[in-house]
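Some notes on the structure that comes next.
The values are calculated or read from the model by the stated rules, or taken from the named source; none is laboratory data. Keep in mind that this is a model prediction, so the values were computed, not measured. Glycine also receives a Cβ, built like all others from the backbone with ideal geometry; neighbour counts cover every protein chain displayed. Just so you know, the surface numbers come from the protein's heavy atoms only, side chains and all, with ligands and any DNA or RNA stripped out. Shrake-Rupley method; radii C 1.70, N 1.55, O 1.52, S 1.80 Å.
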Amino acid sequence: MEDGRKVVVAALQFACSDSASENVDTAERLVRDAHKKGANIILIQELFEGYYFCQAQREDFFQRARPYKGNPTIMRMQKLAKELSVVIPVSFFEEANNAHYNSVAIIDADGTDLGLYRKSHIPDGPGYQEKFYFNPGDTGFKVFETKFAKIGVAICWDQWFPEVARAMALQGAEILFYPTAIGSEPQDEGLDSREHWRRVMQGHAGANLVPLVASNRIGKETIETEHGNSVITFYGNSFIAGPTGEIVASANGKDEEIIIAEFDLDKIKSKRHSWGVFRDRRPDLYSVLLTFDGSKSRP
């Protein structure tokens, strides 16, 4: 029997400064290192060009947004992807006329920009005040056919919703990717969500029988707000899960790291098809998922 279709995925993890040029340099250095380790698809963390600015509601932070077309960071990553023949999802703060989005552009291994996904679920809580900056995404959940695999990419808070992972899997995603920025909760020093965060995504991998890659930042970031300083310590713990939800590679909570895993996509496809969860689905019974309150009848 011939070898299956194998792909090597990587997640990067690093601390951000508040200098876009420094952070993009760091991202490029780590992408190059991941490529040297054999990676084909390399995930960079969410909004990696600077500090996670959503700790505060400040109008001056809208100046961090850039249009999708002609975006210098995306263009730089296109050049890098083509040089190394790797796939790179690139997270960025998008300005689209008077709208703003938390977006990711998917760069294929020949440098082609395959398109855009805009974050659908926008959080709003202490330290994570994204609704001030971002419109709800309007792209819907998408799958991108890259050189190495069909991939689904969603962003941070999206990762808490099983509907997102299932929607991407139904469209043929063979691997799921989640760039992330998550850490401590400014309003509750005793709340540590890292294991909950991991287990939820492990469940997505296992429920859909697809590998999953999550990249998170590390480091302590302080943002000046109208009520004084807000501080988040980002807890890293980037990881790669296999198709039964098992952790196959994991970073720690404090170090710059590159984690790598190889998957045989043909072997996983056979397991996914034989397991029967997609055969036995009952979409005719799922209309309740289209409601907020669980009511079966909609006005």
request  = Give segment 248-263 a look and list any residue that's farther than 11 Å from VAL9 by Cα and not basic (Lys, Arg), or say none.
outcome  = VAL248, SER250, ALA251, ASN252, GLY253, ASP255, GLU256, GLU257
inquiry  = Could you check segment 234-259 and list, in sequence order, the residues that are under 18 Å from THR26 (Cα atoms) and of a type in the set (A, V, I, L, M)?
reply    = ALA251, ILE258, ILE259
query = Between a first residue in segment 1-26 that is modelled with pLDDT under 95 and a second residue that is of a type in the set (Gly, Ala, Ser) and open to solvent by 50 Å² or more (accessible area, probe 1.4 Å), which pairs have beta carbons less than 9 Å apart while being 6 or more apart in sequence or on different chains?
reply = GLY4/SER270
task = Check segment 158-176 and report whether any residue there is of a type in the set (Val, Ile, Thr), assigned to a strand (DSSP E or B) and either modelled with pLDDT of 95 or more or touching a Leu at 6+ places or on another chain (Cβ under 6 Å) (or both).
result = yes
request  = State all residues of segment 49-78 that are basic (Lys, Arg) and either free of Cβ contacts under 8 Å to residues at least 12 places away in the same chain or more than 23 Å from PHE14 (Cβ to Cβ) (or both); if no residue qualifies, say none.
outcome  = ARG58, LYS69
note = Of the residues in segment 21-44, those that are more than 14 Å from THR73 (Cα to Cα) and surrounded by 23 or more Cβ atoms within 10 Å (Cβ to Cβ) come to ALA34, ALA39, ILE41, ILE42, LEU43
request  = Write out, first by first residue and then by second, each pair whose Cβ atoms fall under 8 Å of each other, whose residues are 6+ apart or on separate chains, and whose first residue, in segment 79-107, is under 18 Å from ASN23 (Cα atoms) while the second is open to solvent by 10 Å² or more (accessible area, probe 1.4 Å) and among the basic types (Lys, Arg).
outcome  = LEU80/ARG32; PHE92/ARG66; PHE93/ARG64; PHE93/ARG66; GLU94/ARG66; GLU94/ARG118; ASN102/ARG118; SER103/ARG118
Set PHE132, PHE161, PHE144: member being of a type in the set (A, V, I, L, M, F, W, C) and touching a His at 6+ places or on another chain (Cβ under 7 Å) = PHE161
message = Among (1) within 19 Å of the chain's Cα centre (by Cα); (2) open to solvent by 50 Å² or more (accessible area, probe 1.4 Å); (3) among the aliphatic types (A, V, I, L, M), there is one condition MET75 misses while meeting the rest; what is its number?
response = (1)
query = Would segment 186-199 turn up any residue that is in contact with a Pro (Cβ under 9 Å, 6 or more places away or on another chain), under 24 Å from GLY253 (Cβ atoms), at pLDDT 95 or above and surrounded by 15 or more Cβ atoms within 10 Å (Cβ to Cβ)?
reply = no
request  = Count, please, the residues in segment 132-157 that happen to be part of a strand (DSSP E or B) and either surrounded by 22 or more Cβ atoms within 10 Å (Cβ to Cβ) or touching a strand residue (DSSP E or B) at 6+ places or on another chain (Cβ under 7 Å) (or both).
outcome  = 6
key: Identity of the residue in segment 225-235, of a type in the set (Val, Ile, Thr) and open to solvent by 10 Å² or more (accessible area, probe 1.4 Å), that ends up farthest from PHE48 (Cα to Cα)   = THR225
query = Among the residues of segment 207-224, which ones are of a type in the set (Val, Ile, Thr) and surrounded by 15 or more Cβ atoms within 10 Å (Cβ to Cβ)?
reply = VAL210, VAL213, ILE218, ILE223
key: First in segment 196-216 and on the phi < 0 side of the Ramachandran plot, second anywhere and surrounded by 24 or more Cβ atoms within 10 Å (Cβ to Cβ) and charged (D, E, K, R), Cβ under 7 Å, 6 or more apart   = VAL210/GLU174
query = Can you name the residue in segment 285-299 that is modelled with pLDDT of 90 or more and open to solvent by less than 90 Å² (accessible area, probe 1.4 Å) and, of all such residues, is farthest from GLU163 (Cα to Cα)?
reply = GLY294
